[in-house]
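Participant: Dropping the structure in here first, questions after.
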Amino acid sequence: MLKMGSLFDGIGGFPLAAVRNGVVPVWASEIEAFPIEVTKLQFPDMVHVGDITKLSGVELPPVDIVCGGSPCQDLSVAGARAGLAGARSGLFMEQTRVVKEMRDA
């Protein structure tokens, strides 16, 4: 059975899609309290690993799939358009770092 990790998990959209397709959500990274509580109710066996900036891909439980919907506010034409250099959208680089660390493990 395939296993999945979810970065920028929010309220668990990726884990929901996973279970509906036979994939087991193993862990999630999220920092907002309310979304974490929502996913804990829906996926009580999923481990919450916290802030992506503090994660080490080497230390995460191995998975077959890593999903992530990184923040896009800095990419929006409605915002300051800071791009990937912005504080929020720049977190995409953390996502690539974690995945690279997982591959190197």
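Participant: For the pair Glu32 and Arg103, how long in nm is the line joining their label points, each one 7 Å along Cα→Cβ?
Facilitator: Spacing of the two 7 Å Cα→Cβ label points: 3.0 nm.
Participant: For Lys40, give me every one of the aspartates and glutamates with a C-alpha distance below 12 angstrom, ignoring sequence neighbours fewer than eight places off in its own chain.
Facilitator: Asp9, Glu30
Participant: Treating cross-link reach as a plain straight distance, find the lysines whose alpha-carbon is under 22 Å from the alpha-carbon of Lys100, omitting any fewer than eight places away in the same chain.
Facilitator: Lys3, Lys54
Participant: I want the local charge near Glu37. Using Cβ-Cβ distances under 14 Å, sum +1 for each Lys or Arg and -1 for each Asp or Glu among the other residues. Walk me through the numbers on the way to the answer.
Facilitator: Values: positive: Lys40; negative: Asp9, Glu30, Glu32.
Cβ neighbours under 14 Å give a net charge of -2.
Participant: Within the set of other residues whose C-beta is less than 9 Å from the C-beta of Gly10, count the net charge using Lys and Arg as +1 and Asp and Glu as -1. Provide the component values of the computation, followed by the final result.
Facilitator: Details: positive: none; negative: Asp9, Glu30, Glu32.
Here the charged neighbours net out to -3.
Participant: Full-extension gain between Glu59 and Leu2, please, as 0.36 nm times their residue separation minus the C-alpha to C-alpha distance. Numbers along the way, then the final one.
Facilitator: Working: separation 57, 0.36 × 57 = 20.52 nm, distance 1.90 nm.
Fully extending the segment from Glu59 to Leu2 adds 18.6 nm.
Participant: What is the local net charge at Pro25, summed over the other residues whose Cβ is closer than 10 Å to its Cβ (Lys, Arg +1; Asp, Glu -1)?
Facilitator: Details: positive: Lys3; negative: Asp9, Asp45.
Taking every Cβ under 10 Å from that of Pro25, the sum is -1.
Participant: Let me ask something else about it. Could you rank Met4, Met93 by how accessible they are, 1.4 Å probe, largest area first?
Facilitator: On the way: Met4 5, Met93 95 Å².
Largest to smallest exposure gives the sequence Met93, Met4.
Participant: Let me check something: with ligands and nucleic acids excluded, how do Val63, Val58 order by accessible area (1.4 Å probe), largest to smallest?
Facilitator: Working: Val63 30, Val58 90 Å².
Order by accessible area, largest first: Val58, Val63.
The values are calculated or read from the model by the stated rules, or taken from the named source; none is laboratory data. Everything numeric here is computed off the predicted structure, so don't read it as measured data. Backbone-built Cβ (ideal geometry, glycine too); neighbour counts: all protein chains shown. Heavy atoms of the whole protein, side chains included, go into the accessibility calculation; ligands, DNA and RNA do not. Shrake-Rupley method; radii C 1.70, N 1.55, O 1.52, S 1.80 Å.
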